[in-house]
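Here's the structure we're looking at; comments come further down.
Throughout, read-outs are computed from the coordinates displayed, never taken from laboratory work. This one's a predicted model, so the numbers in the text were calculated from it and none came from an experiment. Every residue, glycine among them, receives a Cβ derived from its backbone with ideal geometry; neighbour counts consider all protein chains shown.
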Amino acid sequence: MIYHLITNEFFKIIFRKRTYIGFLLIFILIPFIVWAIDDGGTALEKAIYGQLSDSFFFVGSLLNGYLASYLILAILINHMPFLSTIVAADIFSAEYSNSTFRFYLTRPVSRGAVLLSKIVLVICYTTILLGFFFGYSLLISTLWLGTGELAVFDKGILFLPENEIIYRFTIAYLASNIVMITISCLCLFISTISRNSVTPIIITISVVFIGTAISLIPIDFFDRINPYLFTGYINSFLVAFNDPIPWGHIRDLLAICIMWSGVFLTLSFYFFLNRDIID
Amino acid sequence: MKRAEFIHFDNVSKYFGNNAALTKVDFKIRKNSIVGLLGPNGSGKSTLMRILSGLIISWDGDIYLEGQSIRKSNTILKRSGFLIEDPSFYEYLTAQQNLIMFSRLTNTDPMNVNKVLKKVDLFEEKDKKVSDYSYGMKQRLGIAQAILHNPDILFFDEPNNGLDPIGISTMNKTIDNLNKEGKTIFISTHILEDVKELCSHVIVLRDGKLVLDESIEGLIENEDIYIIKLNNTKIALDKLKSHSGVKVVDSNDKKITVKAAINIYDLISIIPSESQLNSISKDPNISRLFR
């Protein structure tokens, strides 16, 4: 039965226009940014490496597709929760507001199984969207600007060899995906208790915004709680480009995100399984 | 004659906060019958339907299907089809896609989809998006989704709501045909004519309470309904309630509505003079139960 429920959930989102908004935006935006990076490449290089050029002599251009991808990810990753929560936001609330549960839940299927199928869908959507974001960024950037070593800042300037870069981006993708799934789980939970699709997005983005602000405010109390908030790990994909990769930090990210996702999904089960559908 | 217990609503109650939507509703449904659930808006009809369909989780009392509590298994969902209030489909999908999706939930052969679409006369429109359907077409599609897995019990909540006279006639014909196929049908409605035309039995709810549980014949022919207007209803109420041939259907401080198996003269004789009888009138129309 769970197979049929998951099939139905995919069936529902495939035919919805809003499913493609995130993909469309990424599709349009990334070539535009790559073009802008290419156009302003010299100035960008000067800005990044300006002070270092007094001490070092750089041969060739540091700007390539990998650096462009790295910059795109660093710029856009904070905005990805807007896109990754589009589906999660109305996965329940739209069923409440359109009263479609009146037919769907009057079949001999358990609510737990329906919830599980929606969780699977949200995780898949988030993973695919973020995969598209990373993959498409790399594809467009490298096609446009070529490949080469990746120069990043890690306790100074670090050149990552070309043969390691895809591996590093994969680690970065997996780390980001875990955080985005946690954010989607929060949004899904809000959706189980909301009657419209806007509220879950607003609440989720507010939580991300406040959490991010906390991570940036240099106050002891916030510094103490920040490691326990999933929002503190949104930019953690950058550690995939450190040398060596701080696996301890990634383990913390994994543990905290799994814990928060577990909390949100447990609450989702509790509210959905006990909710009277009277809409 | 005691009706066979196919479905037994056993003191079903539901509260939303402090508001009682249903209060100890207790009645039985006979197999292969068409039962009309009547009542004005807010009387608890939809709440009852939602309890049956599992949409409302927390409620008191019990409901038995052939002696088995519906709380203990989902047999009622396997054996039933529901059309609850307005037909609400995934509007961005076609009628056929909607039904294919529902068929997966009951492991129904997808071939049934076209069969039921033909049955409700929507086969030609199967590839249209539901958003392009008229209200009447959506209602028929609602019937189609309810009968898709060939259930033997059907619960229709306001099936004629929003339909034009031709639509109502078509819908009633469909319901009648389904009953002839052996299905037990439970219709919630506030249209009295539907009940008279289709149903063999009527249940009336008001303010969440059962006020009438009667066969149509019994309601229309065998017993009389009287509206008694008086200045002091309290004294009369006690007397009327204690009489075996009288059933108090409704009362307020100005009038008492009774169902009486005795003639009007005997009825008048029961009413004490202190209660100051103003008038007594026969009311064969069950519409009084809505007032």
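Miscellaneous remarks
- A simple packing score, the average count of other Cβ atoms within 10 Å per residue, orders the peptides B:78-84, A:257-263 as B:78-84, A:257-263, with the highest score first.
- Converting the Cα gyration tensor eigenvalues of region B:7-217 into ellipsoid dimensions via √(5λ) gives semi-axes, longest first, of 28, 19, 16 Å.
- Cβ-Cβ distance of A:F82 and A:M259, R₀ of 22 Å, FRET efficiency by 1/(1 + (r/R0)^6): the value works out to about 0.35.
- Modelled label positions at A:F159 and B:D121, each set 7 Å beyond Cα in the direction of Cβ, lie 8.0 nm from each other.
- Applying 0.36 nm per residue to the separation of B:D62 and B:N231 and subtracting their alpha-carbon distance, the gain on full extension is 56.8 nm.
- Counting DSSP beta bridges with both ends in region B:7-217, the antiparallel % (nearest 5): 55 percent
- Gyration tensor verdict on the protein assembly as shown (Cα atoms; rounded if a/c is under 1.5, prolate if a/b is larger than b/c, oblate otherwise): prolate
- Net charge, A:D90 excluded, C-beta distance under 13 Å - Lys, Arg +1, Asp, Glu -1: +4
- Least to most buried among A:Y125, A:Y66, B:Y15 (fewest other Cβ within 10 Å first): B:Y15, A:Y125, A:Y66
- Here A:R195, A:R107, A:R224, A:R168 are placed in order of increasing Cβ neighbour count within 10 Å, fewest first, which gives A:R224, A:R195, A:R168, A:R107.
- Dipole orientation for region B:7-217: of the candidates B:N160, B:N107, B:F186, B:N107 has the Cα lying most toward the positive pole (charges on Cβ; Lys, Arg +1; Asp, Glu -1).
- Dipole of the protein assembly as shown [Lys/Arg +1, Asp/Glu -1 at C-beta], most positive-end residue of B:I143, A:S184, A:N78: B:I143
- Antiparallel DSSP beta bridges within the protein assembly as shown, as percent of all bridges there, nearest 5: 70 percent
- For region A:192-279, relative contact order (Cα pairs under 8 Å, six or more residues apart, normalised by length) works out to 30 percent.
- Within-15-Å neighbourhood charge of A:D54 [Cβ basis; K, R +1; D, E -1]: 0
- Using alpha-carbon coordinates, inclination of helix A:80-89 to the longest axis of chain A, degrees: 10 degrees
- Shape of region A:2-274, Cα gyration tensor, a/c cut at 1.5: prolate
- The mean sequence distance of close C-alpha pairs (under 8 Å, at least 6 residues apart), as a share of the length of chain A, puts its relative contact order at 26 percent.
- Principal-axis tilt of helix A:247-274 within chain A, Cα atoms, nearest 10 degrees: 20 degrees
- Take every Cα pair under 8 Å whose residues are at least 6 apart in sequence, average their separation, divide by the length of chain B, and the relative contact order is 20 percent.
- Fraction of beta bridges assigned by DSSP in region B:109-237 that are antiparallel (%, nearest 5): 55 percent
- Residues A:F32, B:F102, A:F237, A:F11, sorted so that the one with the fewest Cβ neighbours within 10 Å comes first: A:F32, A:F11, B:F102, A:F237
- Charging the Cβ of each Asp and Glu at -1 and of each Lys and Arg at +1, and nothing else, the dipole of region B:7-217 about its Cα centre rounds to 560 debye.
- A dipole drawn for the protein assembly as shown from +1 and -1 charges on Cβ atoms has a positive end, and of B:V202, A:S69, B:S69 the residue lying farthest that way is B:V202.
- Taking only the Cα atoms of region B:223-290, the ratio Rg/Rh comes out at 0.91, with Rh defined as the Kirkwood radius.
- Whether region B:86-164 is rounded, prolate or oblate, judged on the alpha carbon gyration tensor where a/c under 1.5 counts as rounded: oblate
- Cut-off 11 Å between beta-carbons: net charge of the residues surrounding B:K209, Lys and Arg +1, Asp and Glu -1: -1
- Assuming charge only on the beta carbon of Lys and Arg (+1) and of Asp and Glu (-1), the dipole of the protein assembly as shown about its Cα centre is about 1620 debye to the nearest 20.
- Debye, to nearest 20: dipole size of region A:2-274, +1 on Lys, Arg Cβ, -1 on Asp, Glu Cβ: 1400 debye
- Principal-axis tilt of helix B:233-242 within chain B, Cα atoms, nearest 10 degrees: 80 degrees
- Centroid-to-centroid, using Cα positions, region B:128-206 and region A:123-155 are 56 Å apart.
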